[in-house]
Amino acid sequence: MTTARRSYPLPFGLALLLLGAGVVAFTLLSLSADDVSYARTEWTALLSMLLATPAVLLYVLDRGTPGPWWRAFWTVGLIAYLLHFWWAVFRSFNGDLGAVVERQGWVAYTNFAVTGLWTLDVLIAWVLPGRADTLARIVLRSVTWAAVTASFLAAAALFRTGTIAQIGDALALALVIAFLVRVLGLARLLAGEPK
Amino acid sequence: MTGKLSHSSASNANASPTGIARRIVGYFAGVVGVLLLAASAFWWRGEAEWGRFEPLTPEQAFAEGSFGLELAPLKYILVASNVSATALGTSWIRRFGFLSRKTPAAGACEADAPQNLPVGFTVSNRLPGSATPLPVKFVGLSCAACHAASIGESGPILGVGTQTADVIGFTDAFLNAVLDPALNSKIILGAYDRQCPGEASGFRAQAARWVEAFFIDRWLSGVRAQTRENVTKYDLPYHGAELGSPDNIPTGPSRTRPFRSVVRNTLDLPGAKNIAYSKVPLAAMQGLKRWSQFDGSIGDPVVRSMIAVFTSGASLAALNEPQISDNIVKAAAYTLRRGIDPPLPSLAETFPNRPKPSAETLEKGHLVYVRACDGCHGHPNGAGWSLPSASGDPPSITPLPEISTDPGRIIFRYADMLPIALSATLPAADVTVQREALVAQSAKAIRQGDLAQADWWNEAIIALEARSREFPAGHRRAFPAGDVTQRDGYQNAPIPFIWLRAPYLHNGSVPTVRQLIGLDERPTRFCRGDAGYDPIAIGVIAPPPGANGCDSKAPFLFDTTQPGNSNAGHLHPPPGTVAREELEALLAYVGTL
């Protein structure tokens, strides 16, 4: 993966471009909102979900070790998520972590855990790419993927209504399709058919 | 594409022309992405700078603070008499009764603001509506726009209710101005450049001008869209001569329709029929009483100030801004001490040529005051005031049938809904109590058979939940429901600086104290505007209308026979119970309060 990072800049370049465009868009478009801080808190979450979705799906589809496209979108999704985290904690909650816990209860701890896990996962993906296939790394990556995906689905499809819920539903549907593709592909492989 | 690239395949791929193109595209996209992120970070840094928190003194907050009542870009306001002359007139400051700052040295350009703006017109970098910081200067209103008056030869006196400003007329004229299809950033900035030549030279200034033009156009488009959206509830604004007609805008100078605004802003219901006309009150010496407002309906001075700002049009997001929230707290604190520290001028100080009453007259007047007024209004006690009931909870109220003044402020549709609805408008950190209050209101409405109102309360519950998501830590200015309540009459309150409270009664229907206490007949029809102050009769000069109506000095015809304008009631001392000579002495005495 070190080779891929050094010699194959397209995935991360495009992901960065999408991230930059998304951040500029939410920064400027939110100026028309009734509540700019709230709009930014919401839209950064949406941006994170949209940017991370390719990585979430690639993780299901790909039978091998996740590649540069996964890492690129997994990384920019995290950056957007950290922006969301910053806006939520420091603007919506006025920097009061106690208020976050009081308001969200155990959900707050899962959010903190997701933030920590995802950050750790991305850091390791960049810093220790050579250990991508170790058991510990696979476990961490899988747990993080599951936590982030569950977090997205719960936050969008379960707890919200309207457009955001529809996006959550779309993500759920895409996941189901990705799983089917993966399972069918695996079945064909076991049956000895060509890929 | 999704699988791990092997070293060789990656190298081969990168060596091909396609691989090189991909590399170029990749690096280019990355660089552009980083630049976009840097630009965003630069903007956020700017927002922090433009909206930097400044701890103001209470007086600064009251007079110059931003309250989320930003109206328009500064450069537009500076050229409004020129580019919006049709809607505003060529001298809108005087036309609508705002006070000049009396700083003749101030020019007409941005650098001289706010000294070239009326009193209470402040400058901030906040976008009208959301109050988010921007690199463009906007003009907004502070408390002093309504709570300052120029009496006699004095300059503006902070904390005194305006005696001249026609805020509602101005608002309609302003909406007309911004709906002008010909108005745009090019017209505004062109007029400004002619007024202040040379400011837009150089690359930086030109770049700033592009940003300014962009936001002026965005502001115009936003305020127009909002006005159009509101038109079914607020109606089309009046214009030209219509603005001065009491048939169209019945409030006139020095009065507002606070409950029409609350009904619209809080309940999102039409308030056109609301006739709760109120004069802009003295916003000083508020620390003498526990409950504020003419009807003693608000128990916390910060809540009172916040509601005043909210009903004037500030959004919930703006009220939650740290600077604006702090300004409200400070301005409220100013109203508690204003009159004591800093002191207010006395009638004798302001009008030194006014004949000084003899000690004997004052003593006689004091005795009448003790007999006729002290029971409800108390009396001076050193630097303070003696009226034990003023600090009571609930306050002492004279019921409407007993005081018999105009009922419009107490009895109006939706009056019973407002306290709970107002409290539930600003979500607390934990909305359980607010939700339960709304649920109880819904159940009560169902019991009363008012299913439409029950539906309204049910929708209010949904709206509360949505706002709770918007302000998950609780809105900074959330308050308990008990801080606002409905009363069935008017509060018996202290009356220091009675000379600064003109015109009298809550609806300003009696121009002078002399008329109030029965020395002169209360006029049925009179003209209001900027005709001056009468230190002998103690009150505003309000001449009777002539054959052609009111003149330009006092153009607004106040007709006390119209709903909401009644000058009846508060017959104290009761007619016939006090000799005329004693009433003269009472007038002299209250002029010293």
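The values are calculated or read from the model by the stated rules, or taken from the named source; none is laboratory data. Just so you know, these numbers come straight off a predicted model, no measurement behind them. Backbone-built Cβ (ideal geometry, glycine too); neighbour counts: all protein chains shown. Accessible surface is based on the protein model in full, side chains and every heavy atom, while ligands, DNA and RNA are left aside. Shrake-Rupley method; radii C 1.70, N 1.55, O 1.52, S 1.80 Å.
Determine whether B:A148 is aliphatic (A, V, I, L, M), buried (at least 21 other Cβ atoms within 10 Å of the Cβ), touching a residue at least 12 places away in the same chain (Cβ under 8 Å) and under 30 Å from B:L282 (Cβ atoms).
Yes: the conditions hold for B:A148.
Within region A:110-133, count every residue that is open to solvent by 60 Å² or more (accessible area, probe 1.4 Å) and not in a helix (DSSP H, G or I).
2
Of all residues in region B:102-128, which are outside any strand (DSSP E or B) and open to solvent by less than 40 Å² (accessible area, probe 1.4 Å)?
Result: B:A106, B:G107, B:C109, B:A113, B:P114, B:N116, B:L117, B:P118, B:V119, B:G120, B:L127, B:P128.
Answer with yes or no whether B:P197 is surrounded by fewer than 18 Cβ atoms within 10 Å (Cβ to Cβ) and more than 21 Å from B:N507 (Cβ to Cβ).
When the stated conditions are applied, B:P197 passes them.
Is it the case, given these coordinates, that B:A272 is surrounded by 24 or more Cβ atoms within 10 Å (Cβ to Cβ), out of contact with any Ser or Thr (no Cβ under 6 Å at 6 or more places or on another chain) and not in a helix (DSSP H, G or I)?
So B:A272 does not fit the description; no.
Return yes when B:S261 is open to solvent by 20 Å² or more (accessible area, probe 1.4 Å), within 12 Å of the chain's Cα centre (by Cα) and not hydrophobic (A, V, I, L, M, F, W, C) and no when it is not.
It is true that B:S261 is open to solvent by 20 Å² or more (accessible area, probe 1.4 Å), within 12 Å of the chain's Cα centre (by Cα) and not hydrophobic (A, V, I, L, M, F, W, C).
Is it the case that some residue within region A:10-28 is of a type in the set (V, I, T) and more than 10 Å from chain B (Cβ to nearest Cβ)?
Among the residues of region A:10-28, not one is of a type in the set (V, I, T) and more than 10 Å from chain B (Cβ to nearest Cβ), which makes the answer no.
Of all residues in region B:242-296, which are charged (D, E, K, R) and within 30 Å of B:W499 (Cβ to Cβ)?
Result: B:R255, B:R257, B:R260, B:K279, B:K289, B:R290, B:D295.
Kindly evaluate B:A437 against the criterion of being surrounded by fewer than 18 Cβ atoms within 10 Å (Cβ to Cβ) and either more than 14 Å from chain A (Cβ to nearest Cβ) or in contact with a Pro (Cβ under 9 Å, 6 or more places away or on another chain) (or both).
No.
Results for (1) out of contact with any Pro (no Cβ under 7 Å at 6 or more places or on another chain); (2) open to solvent by 20 Å² or more (accessible area, probe 1.4 Å); (3) in contact (Cβ under 8 Å) with a residue 12 or more places away in the chain; (4) more than 30 Å from B:A149 (Cα to Cα), shown as yes or no for each residue.
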{"residue": "B:W457", "(1), (2), (3), (4)": "yes, no, yes, yes"}
{"residue": "B:A460", "(1), (2), (3), (4)": "yes, no, yes, yes"}
{"residue": "B:E465", "(1), (2), (3), (4)": "yes, yes, yes, yes"}
{"residue": "B:A473", "(1), (2), (3), (4)": "yes, yes, yes, yes"}
{"residue": "B:V484", "(1), (2), (3), (4)": "no, no, yes, no"}
{"residue": "B:D488", "(1), (2), (3), (4)": "no, yes, yes, yes"}
{"residue": "B:A493", "(1), (2), (3), (4)": "yes, no, yes, no"}
{"residue": "B:F497", "(1), (2), (3), (4)": "yes, yes, yes, no"}
{"residue": "B:L505", "(1), (2), (3), (4)": "yes, yes, yes, no"}
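Can you find a residue in region A:72-83 that is within 10 Å of chain B (Cβ to nearest Cβ) and free of Cβ contacts under 8 Å to residues at least 24 places away in the same chain?
Taking every residue of region A:72-83 in turn, none turns out to be within 10 Å of chain B (Cβ to nearest Cβ) and free of Cβ contacts under 8 Å to residues at least 24 places away in the same chain.
Within region A:95-109, can you find the residues that are within 11 Å of chain B (Cβ to nearest Cβ), outside any helix (DSSP H, G or I) and open to solvent by less than 40 Å² (accessible area, probe 1.4 Å)?
Answer for region A:95-109, where residues must be within 11 Å of chain B (Cβ to nearest Cβ), outside any helix (DSSP H, G or I) and open to solvent by less than 40 Å² (accessible area, probe 1.4 Å): just A:G95.
Kindly evaluate B:A537 against the criterion of being among the aliphatic types (A, V, I, L, M), at pLDDT below 95 and out of contact with any Asp or Glu (no Cβ under 6 Å at 6 or more places or on another chain).
Judged against the criteria, B:A537 is not a match.
Out of B:A331, B:A318, B:A359, I need the residue that is over 23 Å from B:L288 (Cα atoms), of a type in the set (A, V, I, L, M, F, W, C) and buried (at least 19 other Cβ atoms within 10 Å of the Cβ). Which one?
On inspection, the qualifying residue turns out to be B:A318.
Residues being at pLDDT 95 or above, on the phi < 0 side of the Ramachandran plot and open to solvent by less than 50 Å² (accessible area, probe 1.4 Å): count how many of those fall in region B:557-581.
Matching residues across region B:557-581 total 8.
If you take the residues of region A:49-94 that are farther than 16 Å from B:R469 by Cα and not in a helix (DSSP H, G or I), which of them is most open to solvent (accessible area, probe 1.4 Å)?
Going through the qualifying residues, I end up with A:R63.
Taking region B:216-256, which residues are of a type in the set (K, R) and open to solvent by less than 20 Å² (accessible area, probe 1.4 Å)?
Once the filter is applied, which keeps residues that are of a type in the set (K, R) and open to solvent by less than 20 Å² (accessible area, probe 1.4 Å), region B:216-256 yields only B:R255.
Would you say B:R469 is crowded, with 20+ Cβ neighbours inside 10 Å and closer than 30 Å to A:L97 by Cα?
no
Please state which of the following conditions B:K444 fails to meet, knowing it meets all the rest: (1) open to solvent by 40 Å² or more (accessible area, probe 1.4 Å); (2) more than 14 Å from chain A (Cβ to nearest Cβ); (3) not aliphatic (A, V, I, L, M); (4) not in a helix (DSSP H, G or I).
(4)
Report whether or not B:D416 is among the charged types (D, E, K, R), within 14 Å of another protein chain (Cβ to nearest Cβ), surrounded by fewer than 18 Cβ atoms within 10 Å (Cβ to Cβ) and part of a loop (DSSP other than H, G, I, E, B).
Judged against the criteria, B:D416 is not a match.
Any residue in region B:19-41 that's within 7 Å of chain A (Cβ to nearest Cβ): show its pairings with residues that are part of a helix (DSSP H, G or I) and among the hydroxyl-bearing types (S, T, Y) at Cβ separation under 9 Å, as long as the two are six or more apart or on different chains.
Short answer, once both residue conditions are applied: B:R23/A:S7; B:A39/A:T27; B:S40/A:T27.
Considering every residue within region B:280-300, establish whether at least one is modelled with pLDDT of 95 or more, open to solvent by 30 Å² or more (accessible area, probe 1.4 Å) and among the basic types (K, R).
Checked against the condition, which is being modelled with pLDDT of 95 or more, open to solvent by 30 Å² or more (accessible area, probe 1.4 Å) and among the basic types (K, R), region B:280-300 yields no hits at all.
What are the residues in region A:177-195 that are surrounded by fewer than 11 Cβ atoms within 10 Å (Cβ to Cβ) and in a helix (DSSP H, G or I), if any?
A:L184, A:A187, A:L190, listed by residue number.
Considering only region A:40-51, I want to know if a residue exists there that is touching a helix residue (DSSP H, G or I) at 6+ places or on another chain (Cβ under 6 Å) and facing chain B (nearest Cβ under 10 Å).
Yes: one or more hits.
For residues that are in contact with a Leu (Cβ under 9 Å, 6 or more places away or on another chain) and under 23 Å from B:A213 (Cβ atoms), scanning just region B:41-71, find the one that is surrounded by the most Cβ atoms within 10 Å (Cβ to Cβ).
Within region B:41-71, the match that is surrounded by the most Cβ atoms within 10 Å (Cβ to Cβ) is B:E70.
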